2 protein chains.
Amino acid sequence: MKLIDGKKVSEEIYNDLKIKVEQLKQQGQKVPHLAAVLVGNNPASQTYVNAKVKTCHEVGYGSTLIKLDENITEEDLLKEIYDLNNNPEIDGFIVQLPLPKHINENKVIEAIRPSKDVDGFHPVNLGRMMLNQPAFIPATPMGIMKLLEAAKIETQGKHCVVIGRSHIVGSPMSILMAKNSYPGNCTVTLCHSKTKNIEEFTKQADIIILAIGKPYFLKKEMIKEGVVVIDVGINRVTSTTTKSGFKLAGDADFDDIVSKCSHITPVPGGVGPMTIASLMYNTLLASQKNIYK
Amino acid sequence: MKLIDGKKVSEEIYNDLKIKVEQLKQQGQKVPHLAAVLVGNNPASQTYVNAKVKTCHEVGYGSTLIKLDENITEEDLLKEIYDLNNNPEIDGFIVQLPLPKHINENKVIEAIRPSKDVDGFHPVNLGRMMLNQPAFIPATPMGIMKLLEAAKIETQGKHCVVIGRSHIVGSPMSILMAKNSYPGNCTVTLCHSKTKNIEEFTKQADIIILAIGKPYFLKKEMIKEGVVVIDVGINRVTSTTTKSGFKLAGDADFDDIVSKCSHITPVPGGVGPMTIASLMYNTLLASQKNIYK
């Protein structure tokens, strides 16, 4: 069994990005600049945004944090988006979700210029991804692709079972794993809450990508020997062994299945660290005009 | 066994559209108007475009056919697109593919205003489809959804195997069949040229959607009793029983499998007739501003 170490892979990405930033500086060129828009005071959103800004500093990117009042009107938020779209200093930006209920999230996301949509949530980027054209890939799916690549997982002709059909993980993963490239070329089965006898699918899988948010869901009776498990779940469960009284658990029952897996991502330290690394990578692509010329 | 009669379903759609057009006329409102852009002299493209224009006449739509020289520059073609985008008379338009090799097809498709993209090929429409937002669905996938609905096929919790990962059929079908709506909520497996032991997947399927362009590919040993088969293939094969010396065959070996199927679409007369019907339906949606307000 081999652990797929997301922390290590993400650090390699950060090191590459740092080198690239140094090169740009030496060539007298602009370094990538990421802006983040945070509306309101949701504590989890604040934590995520702060982590992204901190990472910008670490890799040498410029960063801008725009904090907006929870009661901002949709119109005023859209004005901020237009300003960011037209600000040549900003290479890419994200609007931290969720937004307050009085704001139409879809409308806000569609207002982001696709060439600056480093979260890859704009329909144009998802559509281009589907069409196998240059596109910003959402952070978590891109992070999983990079993990599979780093671990040199053979994918062509393999049966990949994706569990969960969310817009930001399961659904794009099912598209990416079926694409005619590497990682990809899998036969892909997309399972979800309406799937019957899910263990009949997981038992057939060579690769399982779990993204349902149910702690300890995948058990050893549900998998075959030698499977690759990518666990996107980050669930908070109670624990008697930690001071805080809780710990993080994946969608897989790690201890139960680990001996049957050829490769597995731990939680934490697997897919999680890849998310911000992918965002940083997308920001470099945006600043280099690699996706939209 | 029940035949899913695409000709009949498409005629029902045309009748509904005719009634709608009459209502619009009586209310003194504009009737839907579809434009088609045809570049060059590809005989198949001419046939397709002519059939679309003819259907416009039949249902009472306005139509415009724009024939352009094969040697038109990309720039001049893009100018035509901009004119159509800005012409309030035109509700929706299509650019018949393929385009001559000196023209970048993706660039042309992305130049179409999404609200007039009744072919549903613009990345924004594909992305919105993936996000379960209002979108123009490409004609063939939409036609298949309408056939499943008309035949009252139960889909929730069923295993749907889609064979073929093309951008205009297989890939969007795999997304649509997994969506949380009807028809949909299937566990979906997407198979393609790199799939190994494809019969292991087809044997498990409750619903098979075939879109690979291989005549007589699906045989009775590959399916289970009671399966629903939707056959998108339209293959020209030689025949000793027709005057022309050829006939049309689907991707399924119809005569071989028919007795094992609960429902099956014939070729011709199954999915085929639904394609133009879906385009006409999309044109109505465009004229009514049902997708983009």
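Conditions (1) surrounded by 15 or more Cβ atoms within 10 Å (Cβ to Cβ); (2) without any contact (Cβ under 8 Å) to a residue 12 or more places away in the chain; (3) farther than 19 Å from A:Val108 by Cβ, marked per residue:
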residue: A:Gly40; (1), (2), (3): yes, no, no
residue: A:Lys52; (1), (2), (3): yes, no, no
residue: A:His57; (1), (2), (3): no, yes, yes
residue: A:Gly60; (1), (2), (3): yes, no, yes
residue: A:Asp76; (1), (2), (3): no, yes, no
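What's the total number of residues in segment A:25-38 that are on the phi < 0 side of the Ramachandran plot and surrounded by fewer than 17 Cβ atoms within 10 Å (Cβ to Cβ)?
So the count comes out to 5.
Out of A:Ile109, A:Ile103, which single residue is assigned to a loop (DSSP other than H, G, I, E, B) and either closer than 26 Å to B:Pro114 by Cβ or within 14 Å of chain B (Cβ to nearest Cβ) (or both)?
A:Ile103
Strands (runs of 3 or more DSSP E) wholly in segment B:1-99 with at least 1 residues that are in contact with a Lys or Arg (Cβ under 7 Å, 6 or more places away or on another chain) - which ones?
B:33-39, B:92-95
Restricting to segment B:156-191, and then to whatever is facing chain A (nearest Cβ under 7 Å) and assigned to a loop (DSSP other than H, G, I, E, B), can you tell me which residue is farthest from the chain's Cα centre (by Cα)?
B:Gly157
Give the number of residues within segment B:126-141 that are more than 7 Å from chain A (Cβ to nearest Cβ), buried (at least 24 other Cβ atoms within 10 Å of the Cβ) and not in a loop (DSSP other than H, G, I, E, B).
Residues that pass the stated criteria total 3.
Among the residues of segment A:200-212, which ones are surrounded by fewer than 23 Cβ atoms within 10 Å (Cβ to Cβ) and touching an Asp or Glu at 6+ places or on another chain (Cβ under 7 Å)?
Matches in segment A:200-212: A:Ile212 only.
All but one of (1) of a type in the set (Lys, Arg); (2) within 11 Å of another protein chain (Cβ to nearest Cβ); (3) not in a loop (DSSP other than H, G, I, E, B) hold for B:Lys196, so report the exception by its number.
So the condition that B:Lys196 fails would be (3).
State whether one or more residues within segment A:179-187 are among the charged types (D, E, K, R) and surrounded by fewer than 23 Cβ atoms within 10 Å (Cβ to Cβ).
Applying the first criterion (among the charged types (D, E, K, R)) to segment A:179-187 yields A:179.
Keeping just the survivors that are surrounded by fewer than 23 Cβ atoms within 10 Å (Cβ to Cβ) gives A:179.
Yes, because at least one residue in segment A:179-187 is among the charged types (D, E, K, R) and surrounded by fewer than 23 Cβ atoms within 10 Å (Cβ to Cβ).
With the checklist (1) crowded, with 20+ Cβ neighbours inside 10 Å; (2) farther than 30 Å from A:Met129 by Cβ in hand, flag the one item A:Pro273 doesn't pass.
Here A:Pro273 clears every test but (2).
Against the conditions (1) farther than 22 Å from A:Gly143 by Cα; (2) loosely packed, with under 12 Cβ neighbours inside 10 Å, where does A:Asn15 fall short? Just the number, please.
A:Asn15 satisfies every listed condition except (1).
Could you check segment A:134-152 and list, in sequence order, the residues that are farther than 17 Å from A:Ala211 by Cβ and either touching a residue at least 60 places away in the same chain (Cβ under 8 Å) or out of contact with any Pro (no Cβ under 7 Å at 6 or more places or on another chain) (or both)?
A:Pro134, A:Ala135, A:Phe136, A:Ala150, A:Ala151, A:Lys152
Every number in this text was worked out from the coordinates using simple rules, so none of it is lab data. Because the structure is predicted, anything quoted here is derived from the model rather than measured. Every residue, glycine among them, receives a Cβ derived from its backbone with ideal geometry; neighbour counts consider all protein chains shown.
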